[in-house]
């Protein structure tokens, strides 16, 4: 595993934040340090964990911070920012994302968070996924209901067509009917 | 044979024979006009065959347009006939007798026209065989092909069976009055009908089987057509009621088309004695009922999906209610569902003209509904890209116009060759006393007797 440390923008704490710190007396540093850990050997279609460790310069963990993970994705000629997921740092300052790279090449994972002054900060880590000939699509098993298959469909269609055939036989019966005289019903029509 | 005859019966037979024996100049002019429209459509289609689907407005993101809209519309119209006719026969509604034949004509003709549009939409018509060569039974397209071919076969049988005695009438009464090929046709199709007891028995049994069978087939056809949409991963088509909604819409538009065709044929072939205001009002009631069902379907569909309002639904609702398709949607809802309902509800407009006006609105609105279901459904982006647009080209408009002209032409030719009414069925309702013409009409606002209960 390789670890990449980023120093976020220097002015994290604004005037309000400083006032709050002085009131509560919390020993928070003026800088947030984000360590992003990504796997050494990522592979297409293989789940991996991207971990971000938030702490102050004095190595004090920053807990309960909302973090989102993003990636710039290009598809069909259009590039857009895609949110991969979100997490909240635990008491040790860790936030993690389970990530599944779908394409080969270099991926830039952005970790975004908002700290104290309300401004959004961004830390970036990159990982390179080697190209393979692996097929990513796997059909799911689905729900297999016994008897619900092509034969049921064929049986249904066959029954309907058999009934239609019986209608055709009735027409043949009309053509070969006996020579008994026609019935004298109101709607009867026939030659004399 | 000793034929049952009376002045009323003679008049009925002459009325049924009249379209076959006499041809006016207006008829030729009408046929010529339809042929010109069809010829133009064939030319447009030849351009499509030559250059490919690029001559249409369809592209990769919106890959279905006017053709599939018209296909769904015609399949819906096909419910006019067989389903309505079968339901009325099963429920023994005697008032149905003068209109069932027209309804059955509409079914067959609209199925032919509808099926053509699927092939036209392919671009490469020879690839229609791929459904058979490479089709998978899990595909709704394969179910659709099975359902429609079964429905065409069953509808042909259902049209043909009750026509046999009338074809025999034509064979007997038109000898020497029509051309040789027609006599040959009547002779072959009347399958040696002489009206014997066993022939009536065979025909009765066949008709009973066919009319019971055809109802589930008809329902299955439009259900499967709806599943082509509902089983595709598109936000606007994620619906559990699509099947029922499509079947209701099909009967709705089918009844409306039947009323329009009835009104035209009644006027052209002077069928006022047999197709009375009662028939229009009864079918109007059916239309009104289905307009309420359609309104309910819309509320149920859009309220539930809108309540959850996923991202795609929001986009779809904006384009449907406020954006690109708002004009279409509000015309469909207000002009095609609410206004026809009011026209039938109000005693002042509950007459032939009111019902026909309502039907014209319904037919137009149901085509529009198919259009925005198809095109607006495709327009919702699946990926973060700009939504595409679709505008039909002259080729598509010409081909669709030719499709409607073909529909009208086939109806025109059918009534020119085959009996326009089920004479033997109408004859069973022969009145004991000759009614004055005015008696056959209902006074304004008068409610007719309950459907199915009276008359026979």
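The values are calculated or read from the model by the stated rules, or taken from the named source; none is laboratory data. Quick caveat, the model's predicted, so the values are computed rather than measured. Here the Cβ is made from the backbone with ideal geometry for all residues, glycine too, and neighbour counts use every protein chain on show.
Selection of helices (runs of 4 or more DSSP H) fully inside region B:311-365 by the criterion of at least 1 residues being under 20 Å from the mean Cα position of the chain (by Cα) returns B:339-345. Considering region A:49-70, the residues that are buried (at least 17 other Cβ atoms within 10 Å of the Cβ) and within 19 Å of the chain's Cα centre (by Cα) include one that is farthest from residue A:106 (Cα to Cα), namely A:67. Within region B:212-229, how many residues are more than 16 Å from residue B:145 (Cα to Cα) and buried (at least 20 other Cβ atoms within 10 Å of the Cβ)? Number of matching residues: 2.
Among the residues of region B:177-204, those that are part of a loop (DSSP other than H, G, I, E, B) and either more than 10 Å from chain A (Cβ to nearest Cβ) or at pLDDT 95 or above (or both) comprise B:177, B:178, B:179.
Can you pull out every residue in region A:66-102 that is more than 13 Å from every other protein chain (Cβ to nearest Cβ) and modelled with pLDDT under 90? Hits for region A:66-102 are A:99, A:100, A:101, A:102. Across region B:133-144, the qualifying residues are those that are in a helix (DSSP H, G or I) and without any contact (Cβ under 8 Å) to a residue 12 or more places away in the chain, and the one among them that is nearest to residue B:405 (Cα to Cα) is B:142.
The residues in region B:403-456 that are within 14 Å of another protein chain (Cβ to nearest Cβ) and either assigned to a helix (DSSP H, G or I) or at pLDDT 50 or above (or both) can be counted, and the count is 13.
Name the single residue, out of those in region B:256-271 being closer than 20 Å to residue B:349 by Cβ and touching a residue at least 60 places away in the same chain (Cβ under 8 Å), that is surrounded by the most Cβ atoms within 10 Å (Cβ to Cβ).
B:256
Among the residues of region B:221-230, is there at least one that is in a helix (DSSP H, G or I), more than 7 Å from chain A (Cβ to nearest Cβ) and out of contact with any helix residue (DSSP H, G or I) (no Cβ under 8 Å at 6 or more places or on another chain)? No: zero hits.
Among the conditions (1) over 30 Å from residue B:138 (Cα atoms); (2) at the interface with another protein chain (Cβ under 9 Å from one of its Cβ atoms); (3) touching a residue at least 24 places away in the same chain (Cβ under 8 Å), residue B:217 misses just one, which is (1). Assess whether residue B:314 counts as being modelled with pLDDT under 95 and either buried (at least 23 other Cβ atoms within 10 Å of the Cβ) or under 30 Å from residue A:83 (Cα atoms) (or both). So residue B:314 fits the description; yes. Could we say that residue A:121 is assigned to a strand (DSSP E or B) and over 16 Å from residue A:33 (Cα atoms) here? No, not satisfied. Are any of the residues in region B:169-176 closer than 25 Å to residue B:102 by Cβ, surrounded by fewer than 17 Cβ atoms within 10 Å (Cβ to Cβ) and more than 10 Å from every other protein chain (Cβ to nearest Cβ)? So far as region B:169-176 goes, yes, one or more of its residues are closer than 25 Å to residue B:102 by Cβ, surrounded by fewer than 17 Cβ atoms within 10 Å (Cβ to Cβ) and more than 10 Å from every other protein chain (Cβ to nearest Cβ).
Based on this model, can you work out whether residue B:145 counts as surrounded by 17 or more Cβ atoms within 10 Å (Cβ to Cβ), out of contact with any strand residue (DSSP E or B) (no Cβ under 9 Å at 6 or more places or on another chain) and more than 10 Å from every other protein chain (Cβ to nearest Cβ)?
Numbers: surrounded by 17 or more Cβ atoms within 10 Å (Cβ to Cβ): yes; out of contact with any strand residue (DSSP E or B) (no Cβ under 9 Å at 6 or more places or on another chain): yes; more than 10 Å from every other protein chain (Cβ to nearest Cβ): yes.
So residue B:145 fits the description; yes.
When you go through A:172, A:145, A:159 one by one, which is the residue that is exposed (fewer than 15 other Cβ atoms within 10 Å of the Cβ), within 14 Å of chain B (Cβ to nearest Cβ), modelled with pLDDT of 85 or more and assigned to a loop (DSSP other than H, G, I, E, B)? Give the steps one after another, and end with the answer.
Details: A:172 fails: assigned to a loop (DSSP other than H, G, I, E, B); A:159 fails: assigned to a loop (DSSP other than H, G, I, E, B).
Checking each option against the conditions leaves just A:145.
Is one or more of the residues making up region B:232-245 touching a residue at least 40 places away in the same chain (Cβ under 8 Å) and touching a strand residue (DSSP E or B) at 6+ places or on another chain (Cβ under 6 Å)? No; the residues of region B:232-245 include none that is touching a residue at least 40 places away in the same chain (Cβ under 8 Å) and touching a strand residue (DSSP E or B) at 6+ places or on another chain (Cβ under 6 Å).
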